[in-house]
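Notes to accompany the following structure.
The values are calculated or read from the model by the stated rules, or taken from the named source; none is laboratory data. No experiment lies behind these values; they were computed from the predicted model shown. Note: ideal-geometry Cβ built from the backbone for every residue, glycine included; neighbour counts use all protein chains shown.
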Amino acid sequence: MSKPDFLTMPRAQLRQYIFDHREDDQAFQTYLDRFTSEDAVIFPAPQSIDDLENFPELHQQNLERLRKQA
C-alpha cells in the first residue's frame, strides 16, 4: 500500500490520518512542520480583561482561515 501525499493533504485530514496511523512518524513530522511553519498564525494569550473584548473577532478570523485551508 502506498502512502498518501502528506504535503497536499488538508490539515484536518492529515490530523485524522495521524490518529488512525500513530506509528507513521513521517506523517507526524509533516504535521509538525506545517504547524510550526513560518506562515502559521499565532494568537497571543489575552493579558487583560480588555484583551478579551477582541476575542470574538479574532476567533471568527481564525475560523475563516481554517475553512479556506480545508
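Taking first residues from segment 15-33 that are surrounded by 10 or more Cβ atoms within 10 Å (Cβ to Cβ) and partners that are of a type in the set (Ser, Thr, Tyr), the Cβ contacts under 7 Å between residues at least 6 apart in sequence or on separate chains come to 15/31; 18/31; 27/17.
Of the listed requirements (1) part of a loop (DSSP other than H, G, I, E, B); (2) of a type in the set (Lys, Arg); (3) under 18 Å from the mean Cα position of the chain (by Cα), residue 34 misses just one: (1). Residue by residue through segment 1-12, note down the ones that are surrounded by 13 or more Cβ atoms within 10 Å (Cβ to Cβ) and not in a loop (DSSP other than H, G, I, E, B). Matches in segment 1-12: 11 only.
Answer yes or no as to whether residue 57 is surrounded by fewer than 10 Cβ atoms within 10 Å (Cβ to Cβ), without any contact (Cβ under 8 Å) to a residue 12 or more places away in the chain, in a helix (DSSP H, G or I) and not basic (Lys, Arg).
It is true that residue 57 is surrounded by fewer than 10 Cβ atoms within 10 Å (Cβ to Cβ), without any contact (Cβ under 8 Å) to a residue 12 or more places away in the chain, in a helix (DSSP H, G or I) and not basic (Lys, Arg).
Filter segment 13-63 down to residues that are of a type in the set (Val, Ile, Thr) and at pLDDT below 85, then give me how many there are.
Taking segment 13-63 and keeping what is of a type in the set (Val, Ile, Thr), we get 18, 30, 36, 41-42, 49.
Going one step further and asking which of them are at pLDDT below 85, we end up with 36, 41-42, 49.
Number of matching residues: 4.
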